[in-house]
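Visitor: First the structure, then my questions, so here it is.
The values are calculated or read from the model by the stated rules, or taken from the named source; none is laboratory data. All values derive from a computational prediction rather than experimental measurement. Quick reminder, even Gly has a Cβ in these numbers, built from the backbone with ideal geometry, and neighbours come from all protein chains shown. We work out accessible area using only protein heavy atoms, side chains counted, and drop any ligands, DNA or RNA first. Shrake-Rupley method; radii C 1.70, N 1.55, O 1.52, S 1.80 Å.
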Amino acid sequence: MHKSVTVWRRALVAEVCWIDGDGRPASIPATPLLLDDVPCLALPYAWRDRVAALRDSPEVAFAVTDARSLPEETTGTAVFGTAGVVEDLDGSVFADELLEQELVKYPPSRVLADSVLLRRENWWWLPRLIVRLDGMTRTAELTPRTDPSRQALLVRDDLGLRIDSVTVEQREEQRPLLRTLDGENPRGDTGPALVLGHDHTTDFERWEPWSLSGHLRGEELLVEQSSGRPGAPLPSLRLLERIRRQRALEKACRRGITEAERVRGVPGSAR
């Protein structure tokens, strides 16, 4: 556990993986943070629906697999356990305990929260869903991913939550082959499976995930849904694109905050 926490502390990007209530694997990339030396994520309220599914999962994995976040010759790592979710609607826990870490690891947050004035103007960025690792059950080593355009995480239920680093080999449309990076091929039994990849620019202006989901038959993924595109170029955004992206993010965060306030019966508390 100590090694995993050390890796988590140094990493810039991580993945959280789980099996939802319908038995479907899920995963999202996120900025790894520590709260009282315990691995956690501080997700903006735009992620509220996804976190609701994560909250009820019997087991969650906090993983670091991107080679750029790992010291040379260090393996990737995953810590498994349950996840506790704290709704920090007024943003006080995030601002006091986690914001400084995020400003270092995720530069785009500086544009929204690097001063008292910015934090007042962008109040919607401070309320967070803090997902904290509770009740650690096990750890695992994973082969680091060195090629974001072809390598990803395979998430599935294999007598419990299982994640592997894999290479995605495109052949027939909607039927890619998966090869694990540690040399042991998946041998799927047609159960649900998710492949998640993501890439980012150095300054994190662009951080784009891609995913393939369906059923794993042997080494073949029978794709039913896909999002994003592996290996897509990540050019700098134009000014208008940046403005539109921030407006969309603000709208999604406000919507999530408003719904959370409605459920808790405290309208307007975050304003």
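Visitor: Within region 56-70, can one find any residue that is over 19 Å from E250 (Cβ atoms), in contact (Cβ under 8 Å) with a residue 40 or more places away in the chain, open to solvent by less than 10 Å² (accessible area, probe 1.4 Å) and of a type in the set (D, E, K, R)?
Guide: yes
Visitor: Could I ask something else about it? Six or more apart or on different chains, Cβ atoms under 9 Å: show the pairs whose first residue is in region 125-144 and aromatic (F, W, Y) and whose second is assigned to a strand (DSSP E or B).
Guide: Filtered contacts from region 125-144: W125/P44.
Visitor: I'd like the full set of residues that are assigned to a strand (DSSP E or B), in contact with a Pro (Cβ under 6 Å, 6 or more places away or on another chain) and not basic (K, R), limited to region 127-167.
Guide: Within region 127-167, L133, V155 qualify.
Visitor: Shifting gears a bit: With within 19 Å of W124 (Cα to Cα), open to solvent by less than 10 Å² (accessible area, probe 1.4 Å) and out of contact with any Asp or Glu (no Cβ under 6 Å at 6 or more places or on another chain) as the only criterion, which of D88, D49 stands out?
Guide: D88
Visitor: Still on this model: May I ask you to list the residues in region 182-207 that are farther than 25 Å from K105 by Cβ and assigned to a loop (DSSP other than H, G, I, E, B)?
Guide: D182, G183, E184, N185, P186, R187
Visitor: Another question, if that's okay. How many of the residues making up region 221-265 are among the β-branched types (V, I, T) and not in a helix (DSSP H, G or I)?
Guide: Result for region 221-265: 1.
Visitor: Same structure, new question: Can you confirm whether region 198-211 contains a residue that is without any contact (Cβ under 8 Å) to a residue 12 or more places away in the chain, of a type in the set (D, E, K, R) and open to solvent by 80 Å² or more (accessible area, probe 1.4 Å)?
Guide: no
Visitor: Would you check if there is a residue in region 118-140 being modelled with pLDDT under 95, farther than 30 Å from V266 by Cβ and open to solvent by less than 60 Å² (accessible area, probe 1.4 Å)?
Guide: yes
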